[in-house]
Structures are given as structure tokens and as C-alpha cells.
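Inspection log for the structure reproduced underneath, given as C-alpha cells.
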Amino acid sequence: MKLSFIATLLFGFTCLAQNNTDTSLYMKSDKITYLTDIGSESGDLYKTIGHHGPAIENEWMALRIYFSDKVAIDVYNKAKAGLELRKANWYPTPEQQKEGWGADYYKVAATSGLGGVKLWDGEKVVPLNPVTNRLARVGKTETTSWMEMISRGVPYKGKKVDILVRVTVFSGKREAKVEAFSLKGEKVQFVTGVNYFKDFQTKKGANYIAVWGKHPEDVAAEIVEVGAAIMYNPKDYVKTDDDGTQYLLISKPTKHLETKIISSCARETELNTLDKLEAYIK
């Protein structure tokens, strides 16, 4: 009994000590050399960078930020827990998907995706574009992986602002953290949210919006139902909106905003329905 108890403790310690997250940033022309940062004065390296921008993953999902005028957050859903990003490069073959790999079931389209950040000028959404420079960075700590997108010189209310969007995934924790910063210290109104498509189901609570349904994705071997949710502090926001493609959260003027995002899909064994996803959030 004593040996069994010690073995259990050691196993638990090993699991805690492992960092089950990873980063991925590389040029499409060179999949061997991974980068920690890359920048562009045009603000658009969408076709130059592998998987169109920096990416990170935990055991249950991978996330990427588009290095373009969108700066949207996209999701790679997994059928089983594990790290796949550096082997699959976001686009596993149909054979790999049938063997149990995940896939890009999520479609951003013209929205901010899941938890993506833009600005609000009091009347409409303002993209983080044009820019004088855009920079992507990735990094790891002992228990996390993170990616950042810095958009400098974004026109906003008659001036130019610098906006940083940071996404962090945690080892052993399903939800990711999304932060937005106004780097020069001016207060701005951020806008974030979650997108949806026709026939989607929606669940809303005081501090979350969860959606579930089939995305019209065309790069995966099959269409799979995907769940996505954003969790937020309602005190940070002045209004919510629905533009027909996404639920929007419009913040109070602030220098920093933080939300949490989570995604799952019907192929996995744990959070494979909207009810289960909502129960987890609650």
C-alpha cells in the first residue's frame, strides 16, 4: 500500500511538472526553423507564415492569430488530448484525421473568430488596420505557452494607438486567456466576442456566451460540430450586440481587457455537446 501511494504521488507530480503546451511560428518556406518573433511594416504576412500566423496549443485545442488585417483568433479542435501542432502544422492529412488527429473545423470568415479583439469608436467596429508595423511573438513558461500580436499605429478616433493582443494556454487547463492592452496608455474601447453560423445553438449566462454547431469549413476531411465560448466580467462592458454573424461585447474605455475562451468538438469524449460545454463553464 505504501509503495502504491508513493507511486501515485510521483505520477501526479510528474503530470504537474510537464508542460503540455507548445508554440509554433515559422516561415512557410522553412518548416525546420522555428521563430520567436517576426514583424512586417505592411502588417500582412498571412501567406508568408506557416498556418497564417503565430499559433499555440494545450492538450485540447490549438489557437492561432491571423497575421493580417483580421487579427482574428482561429481554433484547431482535437479528437483526443495531446500535442499535435508541430507535427500536423494545423493541416493534418485526411488519413491522419481518420486515425484520430484533430482538424481545422472552425471557420472565422469575416468575423473576429473566438475572442479576437478589435476596437469600437462609439458607432462601429474598427479593425486593427492599417498599421505602421505589426509584430508576432511566441514564448513558453514552465506551465504555459503564449502568443502576441502587436499592431502599431492603428488609426482610432483621430489619433494612432498601439494595441497588443496576447493569448495564453495553460498546461492541464482547458480554457485560454485573451488579453488586450493599449500600449501607449490611452483608454480605448475594445470589442470582442464569438462568431456563429446558421442553425447554431446558443447558451448565454451572466458572464458567458456559448455556441454550438457546424462551421462551413472546407479544409477538414469532414464537417464536425464545434463548440466555442467566451467567458467575461460583465462589469467590463457597456453593451452587447449581435451583427448576424457574431455576438459582440463592447468594453468600457480601458487600457486592459481580459477574457477566457474555450472550444471543444463532437469528436472528443469529454465536452462533446453544448450542454456538457455549458456545464463545464458553470
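Could you please put M27, M147, M231 in sequence from largest to smallest accessible area, using a 1.4 Å probe?
So, going from the largest accessible area down, we get M27, M231, M147.
Which entries of K47/K276; K239/K282; K140/K214; K87/K177; K198/K252; K118/K177 have Cα-Cα distances beyond 28 Å here?
From the list (K47/K276; K239/K282; K140/K214; K87/K177; K198/K252; K118/K177), the Cα-Cα distance tops 28 Å for K47/K276; K140/K214; K198/K252.
If the convex hull of the alpha-carbon atoms of the stretch 78-137 is projected onto planes in all directions, what is the mean projected area in square nanometres?
Over all viewing directions, the stretch 78-137 projects a mean Cα-hull area of 6.3 nm².
So what is the accessible area of the chain per residue, in Å², with the probe set to 1.4 Å?
Here the residues of the chain average 46 Å² of exposed surface.
Just to be sure I understand, if you calculate semi-axes √(5λ) of the Cα gyration tensor in Å for this structure, which of (1) 30, 20, 17; (2) 30, 22, 20; (3) 50, 22, 17 do you get?
(2)
Counting only protein heavy atoms, what percent of the accessible surface of the chain is carbon or sulfur at a 1.4 Å probe?
53 percent
Can you tell which of A206, V154, I261 lies farthest toward the positive end of the dipole of the stretch 140-280, using +1 and -1 charges on the Cβ of basic and acidic side chains (Lys, Arg; Asp, Glu)?
V154
If you place +1 on the Cβ of every Lys and Arg and -1 on the Cβ of every Asp and Glu, how big does the dipole about the Cα centre of the chain come out, in debye to the nearest 20?
Computed about the Cα centre, the dipole is about 680 debye.
Name the residue from N58, N19, W120 whose Cα lies farthest towards the positive end of the charge dipole of the chain, charges +1 on Cβ of Lys and Arg and -1 on Cβ of Asp and Glu.
Going by the charge dipole, the pick is W120.
Report, in degrees rounded to the nearest 10, the 0 to 90 angle that the Cα long axis of helix 2-17 makes with the longest principal axis of the chain.
20 degrees
The values are calculated or read from the model by the stated rules, or taken from the named source; none is laboratory data. In this text the structure is predicted, and so the values were computed from the model without any measurement. A quick note on method: Cβ atoms are made from the backbone with ideal geometry, for glycine too, and the neighbour counts reach across all protein chains shown. Only protein heavy atoms, including side chains, enter the accessible area calculation; ligands, DNA and RNA are left aside. Shrake-Rupley method; radii C 1.70, N 1.55, O 1.52, S 1.80 Å.
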